[in-house]
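I have placed the structure first, in the form of structure tokens, so that the comments after it can refer back to it.
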Amino acid sequence: MIKIICIGKIKEKYLKEAVLEYQKRISKYTKLELIELPDYDFDVKKTLSKEKDNILKVIKPNDYNILLDLDGQSFTSLEFASKLLNLREKYPNINFIIGGSFGVDTDIKEKCQERISFSKLTFPHQLFRVIFLEQIYRSFKIINNEEYHK
């Protein structure tokens, strides 16, 4: 199972529709759970602490945790598909964690086995979810040798 754990909810209708469409497409290949946790607007330290507590409630000790992070390793779509295939063969539960506007607490970084970067650019968190879901869908199309990836 793949879990995408993210801070904040999507508010725009068109982004919600895109997320639902990719969730539907991905469901052909794997079980996917999108967990939206509340975001906070306290001072940085208090916000990171509260968001950390919420993230820790939804990850389990045997899960493989990947933080989506600007400082993470970058992949091409083909490399990401290969990575996803290898991880799914080894781990029944893979969590992708998308932090809030302040990032994530260092305790969360330490719980993650690796970090992946999708770009050095900064994206709105809500839009990034759609981009990320599309890449997961693209990965499954690549893994299954189905037409889509160019």
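The values are calculated or read from the model by the stated rules, or taken from the named source; none is laboratory data. Computed from a prediction, not measured in an experiment: that's the story for all the values here. Neighbour counts are summed over all protein chains in view; Cβ atoms, including those assigned to glycine, are modelled from backbone coordinates with ideal geometry.
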Inset, instruction - Tell me, please, whether a residue that is of a type outside the set (A, V, I, L, M), in contact with a Phe, Trp or Tyr (Cβ under 6 Å, 6 or more places away or on another chain) and surrounded by fewer than 19 Cβ atoms within 10 Å (Cβ to Cβ) can be found in the stretch 114-129. - result: no
Legend entry - Glu89 over 18 Å from Ile2 (Cα atoms) and either of a type in the set (Asp, Glu) or at pLDDT 95 or above (or both): no
Inset, instruction - Would you point out the residue of the stretch 40-64, among those that are in contact with an Asp or Glu (Cβ under 8 Å, 6 or more places away or on another chain) and not β-branched (Val, Ile, Thr), that is surrounded by the fewest Cβ atoms within 10 Å (Cβ to Cβ)? - result: Leu56
Inset, instruction - Name the strands (runs of 3 or more DSSP E) wholly inside the stretch 1-117 in which the number of residues that are hydrophobic (A, V, I, L, M, F, W, C) and within 27 Å of Ile142 (Cβ to Cβ) is 3 or more. - result: 2-7, 32-37, 64-74, 94-98
Legend entry - the stretch 1-39, subset of a type in the set (Val, Ile, Thr) and surrounded by fewer than 18 Cβ atoms within 10 Å (Cβ to Cβ), residue nearest to Arg88 (Cα to Cα): Thr30
Legend entry - The listed residue being at pLDDT below 95 and over 26 Å from Glu21 (Cα atoms), out of Gly103, Gly99: Gly103
Legend entry - Conditions (1) in contact (Cβ under 8 Å) with a residue 40 or more places away in the chain; (2) in contact with a Lys or Arg (Cβ under 7 Å, 6 or more places away or on another chain); number of the one not met by Glu36: (1)
Legend entry - Enumeration of residues in the stretch 92-113 that are acidic (Asp, Glu), surrounded by fewer than 17 Cβ atoms within 10 Å (Cβ to Cβ) and touching a residue at least 24 places away in the same chain (Cβ under 8 Å): Asp107
Inset, instruction - Give just the number: which of (1) of a type outside the set (Val, Ile, Thr); (2) at pLDDT 95 or above; (3) surrounded by fewer than 18 Cβ atoms within 10 Å (Cβ to Cβ) does Leu133 not satisfy? - result: (3)
